[in-house]
């Protein structure tokens, strides 16, 4: 494996990031892109009914408006991380940001459901090109306390997009800005994207491996095929009734992943340039950090899904009023995510397990409140559990991502960022598939109270994930202390 370090081009000061990055302008640009991609994952759920009515879209088309984006993001991340190492992280970030802005316009102006699906897939590929570059730049352009603060702000931004996405979408549709209706949910990206793109040249320095590696095309094909074969049935399986093709795809994904990993390992040992350098998993802390990412993100999309279903289908709220309930999570999240770097400095390796246990406590409170209130009780009973869960979330997201990348050499940062982002997408799809089986199965039997019972079972599953995350990170902390 070729050695690699990060090189920074002017106006960078030798040995450090450029003045614009030190002043925070570069961080604002990265966070703007992060917010747009995080928001677009969640805001579309609110727009679905209006899209279906306006474009006379079929159920299958509507499913692909959501699934097409997620599938495209998941398939492109590993390759995109490597492209940043090869061609430059700032350059790939700028290309991804430009394409994301253009495809957002295409989504907002789509005349038919088919064109909207196509635009969403391209938007997902654009997001995949951007996301690993954000993590790579945060890891290479900042150091020490500045890096901890940068990752804290990154976690804050991701959470704001996720927690407030439904509320923002509901407000945009209700306001019907310029008569745009649901289209405003996509077109809102245009001014943000254009401004961020204009600032990229002066806000971010270029960084890449000093010796340009070759792109491993065989690895690109294998990784793409493996991720598609895994994520597609996870996204479509439940609504399709888990037909034979879904199981065949899952089996094929395991086989293709095996071939992919072996090919990458052989190529790396021969001194080649694999798209995923297996040396990553020999770095102290990266493998366990990746597993921790998997456990955490398996629960996040699942939780937002079943909470929205419980509030809207089980309690009869519309999208906007349902979104206001999410403010309780947002309040708790803002309380800790804005100071996550200070918490991490004080608690050290105890931060993530403490956050996971706090989330577990919040989910327990929420379960008890939902059990008491059922379908008719006061929604105020849910607030304490939601706030506590949000507090835990704010403690976990940024330190978890930082810890996964902390021990990775500069030459592998792009590849590592692609892996971390891919794990987030795959684990999210898997978590939603599992929670869908639990939730809809309980709703369908109707024997134990419908939606409140289904919500309670889903919360029990998520609470188990948080306890597993706490146990894993406590074990890692003890292992590190022993060494």
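Read the figures in this text as sums done on the coordinates, not as results from a lab. None of these values were measured; they are calculated from a predicted model. Virtual Cβ from ideal backbone geometry, glycine too; neighbours counted across all protein chains shown.
Counting only alpha carbon atoms, the long axis of helix 89-108 and the longest principal axis of the chain meet at about 30°. Any chance you could give the angle, 0 to 90 degrees and rounded to 10, that helix 286-309 forms with the longest Cα principal axis of the chain? In the chain, helix 286-309 runs at an angle near 30 degrees to the longest axis. Note on region 280-483: Kirkwood hydrodynamic radius from all Cα pairs is 17.6 Å, rounded to one decimal. Note: relative contact order over the chain, using C-alpha pairs below 8 Å and six or more positions apart, is 23 percent. Neighbour counts of other Cβ atoms within 10 Å put 474, 437 in the fewest-to-most order 437, 474. Once both labels are positioned 7 Å from their Cα atoms along Cα-to-Cβ, the gap between residue 109 and residue 460 label points is 5.2 nm. From helices alone, the chain scores -27500 deg cm²/dmol at 222 nm; the rule is -39500 (n - 2.57) for each run of n ≥ 4 DSSP H residues, then divide by the residue total.
Normalising by the residue count of region 270-387, find the relative contact order in percent from Cα pairs under 8 Å and 6+ residues apart. Here the relative contact order equals 23 percent. With Cα atoms as the point set, region 21-200 shows a radius of gyration and Dmax of 16.2, 53 Å.
Helix 383-405 versus the longest principal axis of the chain: what is the Cα-based angle in degrees, 0 to 90, to the nearest 10? Around 20 degrees separate the two axes. The ranking of 202, 346 from fewest to most other beta carbons within 10 Å of each one's beta carbon is 346, 202.
Take every pair of alpha-carbon atoms less than 8 Å apart whose residues are at least six positions apart; their mean separation over the length of region 216-274 yields a relative contact order of 43 percent. Sorting 103-109, 302-308, 135-141 by average packing, meaning the other beta carbons within 10 Å per residue, from highest down gives 135-141, 302-308, 103-109. With only the Cα atoms considered, region 216-274 has a convex hull volume of 54 Å³ per residue.
Across the alpha-carbon set of the chain, the Rg to Rh ratio works out to 0.95, Rh being the Kirkwood radius. Peptide packing for 50-59, 143-152, 353-362 was compared via the average number of neighbouring C-beta atoms within 10 Å per residue; ordered from the highest value, the list is 353-362, 143-152, 50-59.
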